[in-house]
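Report on the structure given below.
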Amino acid sequence: MEKTNKIAIDVAHIATLTGHSGCVYAMDKGFSEKTVFTGGSDRFIALWNLETLQAEKFSAALPAPIYTICHIPEKNILLAGTTTGSIHVLDLDKKKEIKILQHHRGPVFDIRYSLKTNCFYTAGGDGNFAVCDLDSLSLLKMKKLSQAKVRSIDFNNTTSEIAVALGDSNVRIFDLQTLDYKKDFIAHQLAEKIIGANTVRYSPDGKFLLTGGRDAHLNIWKVGNYKLVKSIPAHNWAIYDIVFSPDGSLFATASRDKTIKIWDAKTYQILKRITKENFEAHTHSVNKLIWSSFHNYLVSAGDDRMVMIREVNKKS
C-alpha cells in the first residue's frame, strides 16, 4: 500500500469582525478576493474588507432576515434570499434595489448562478427548486422536489451536472443544461432514520461530491454512479457548510457544534480542529464559510454575530 504523508498546516487567527446585531447566516465573495458580503437575522447586508479588516461604505437593509446571498459580478447585481421567500435584487452600480422576486412560499436557503446556462437557481423551504434567467430575472422553471426543504445547490462543470440537497435526506442530480433528472440517492441517515441533507459541494476536479447532513456526517460520493466512497462522523451536530481551499488541496466544514474542521482533500484526514478550546473561535453555530485566495484567508460566520478571519498555510 502506498504511504501518504499527512499535510501539516498552520492556522492563525487574523481578526474578528463585529457589526451585525443578529445571527449571520449568509456570505459570498465581494467585488474582489479582498472583500466579502454578509447578511443575517438583523436584515442587513454588510461588505467587509479582508485587507483593512474593516467594514466598507456599503450596506443594504431588507424587510426580512437574510438566509442566503449570491453576488453575480458579471452582472454587477447581488441577490439576497429571505425567510419570507422573497429574493431581493440589488443593482450594485446604482446602489439600489431593482426587483423583488416572490417565487417561493418558504425561506430561500440557497442561490447559485451559472454563466454556462445564463441562469440562477434558488432552493426553497417550500420544497421547490426554481430557475431564473440572469438577464430578464424572470422565472423559467419551477420544480417541486420534496415535501421537505430544498437546502443546497452546487454545480459540476466537468460533467455539466447540478446537485441539490433535500431536507428529506435525498440528493438529486440533474443535467445542468436541460435539467433532466439523472439520479437521486439517500445521502444521510442515522440508525435507519432518514436525516436531512444540508449541503452539497463538488470537488474542484469534478470527481467527487461531498455532502453534509443533520446526522453530523461528512459523506463522499464518486461522481458518475454516485456510490458512497467514505462516511465520516465529522462533527457532533449538523454540518452546515463545506468549502474547498483555492488550490483544491484542502477543504473545511462548518457545524452547529460551534467548530470548523480542516481536511486533506485527497485522504480525507482531519488536519485541524478550530474550537473554543484551542483557538479564538465561534461560541455558537458556524453557518457559512468562504475561502479566499487573498492570503489564503478562511472566513467564517455564525450565530454569535461574528465574522472571523483565519490564515491557513501549509508547513514546508
Measure of compaction for the chain (Cα Rg per 2.2 N^0.38 Å): 0.94
Protein accessible area in the chain, 1.4 Å probe - carbon and sulfur %: 47
Where segment 192-251 is the region considered: accessible area per residue in Å², 1.4 Å probe: 42
Computed over segment 124-192, the ratio Rg/Rh where both radii use C-alpha atoms and Rh is Kirkwood: 1.00
Karplus 3J(HN,Hα) series, Hz, for segment 232-239 with 6.51 cos²θ - 1.76 cosθ + 1.60 (x for Gly, Pro): 10, x, 7, 9, 8, 9, 3, 8
C-alpha center-to-center spacing [segment 106-185, segment 75-100] in angstrom: 19
Note, ³J(HN,Hα) from phi for segment 105-118, Karplus 6.51, -1.76, 1.60, rounded to Hz, x at Gly and Pro: 9, x, x, 9, 8, 7, 9, 9, 10, 9, 6, 4, 9, 6
Added length on full extension, which subtracts the Cα-Cα distance from 0.36 nm per residue, ASP247 to LEU53: 67.5 nm
Most mobile listed residue (LYS258, LYS94, LYS144) in the chain, GNM with C-alpha springs under 10 Å: LYS94
Kirkwood Rh in Å, taken over segment 102-247 so that all alpha-carbon pairs contribute: 15.2
Listed residues VAL36, VAL200, VAL286, most fluctuating in the chain (Gaussian network, C-alpha, under 10 Å): VAL36
Inter-probe distance in nm under a simple model that places probes 7 Å from Cα toward Cβ, at LYS227 and TYR268: 1.4
Amide proton proximity set for ASP184, modelled H, under 5 Å, gap of 5+: ILE173
Over segment 1-143, equivalent-ellipsoid semi-axes from the Cα gyration tensor in Å: 28, 21, 16
Most mobile listed residue (THR159, THR82, THR178) in the chain, GNM with C-alpha springs under 10 Å: THR178
Prolate/oblate/rounded call for segment 50-113, Cα gyration tensor, a/c under 1.5 rounded: prolate
Reachable lysines from LYS266, criterion Cα separation under 26 angstrom, eight or more residues apart if same chain: LYS3, LYS6, LYS29, LYS183, LYS207, LYS222, LYS227, LYS230, LYS258, LYS288, LYS314, LYS315
Size of electric dipole in segment 137-275: Cβ of Lys, Arg +1 and of Asp, Glu -1, about Cα centre, debye, nearest 20: 240
Segment 1-70-segment 219-242 distance, computed between alpha-carbon centres (Å): 24
Reachable aspartates and glutamates from LYS34, criterion Cα separation under 16 angstrom, eight or more residues apart if same chain: GLU51, GLU56, GLU311
Segment 1-113 - accessible surface per residue (Å², probe 1.4 Å): 48
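The values are calculated or read from the model by the stated rules, or taken from the named source; none is laboratory data. Since this is a predicted model, take the numbers as computed values, not measurements. Note that each Cβ is placed from the backbone with ideal geometry, even for glycine, and that neighbours are counted across all protein chains shown. For accessibility, only protein heavy atoms count, side chains too; no ligands or nucleic acids. Shrake-Rupley method; radii C 1.70, N 1.55, O 1.52, S 1.80 Å.
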